[in-house]
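Got a structure for you, questions after.
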């Protein structure tokens, strides 16, 4: 197609279907992008505890009482080690 001045027009972008949106959300939950040597690379996300997105399993902080306290979002969660 040609525009007013005889230039080629871009093909309009189409919206994603509901199924494609669902697949995209699942993919974003499962993978993340990192930069290696100036290029993007997709890698699996590290495992988290009970849906707390910011806390990975390696960030546990045990206390003297034998409990594990973790901050998830704006709340603190406590698990006993018993």
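One line per residue, one yes/no per condition, for (1) surrounded by 10 or more Cβ atoms within 10 Å (Cβ to Cβ); (2) modelled with pLDDT under 65; (3) outside any loop (DSSP other than H, G, I, E, B):
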residue: 6; (1), (2), (3): no, no, no
residue: 16; (1), (2), (3): yes, no, no
residue: 19; (1), (2), (3): no, no, yes
residue: 24; (1), (2), (3): yes, no, yes
residue: 28; (1), (2), (3): yes, no, yes
residue: 41; (1), (2), (3): yes, no, yes
residue: 50; (1), (2), (3): no, yes, no
residue: 53; (1), (2), (3): yes, yes, no
residue: 65; (1), (2), (3): yes, yes, no
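Determine whether the range 67-80 contains at least one residue that is at pLDDT below 80 and not in a strand (DSSP E or B).
At the first step, the residues of the range 67-80 found to be at pLDDT below 80 are 67-80.
Adding the requirement that they be not in a strand (DSSP E or B) leaves 73-74.
Yes: one or more hits.
The values are calculated or read from the model by the stated rules, or taken from the named source; none is laboratory data. Just so we're clear, the structure is a prediction, and the values are computed from it rather than from any experiment. FYI the Cβ positions are ideal-geometry reconstructions off the backbone, even for glycines, and counts take in every protein chain you see.
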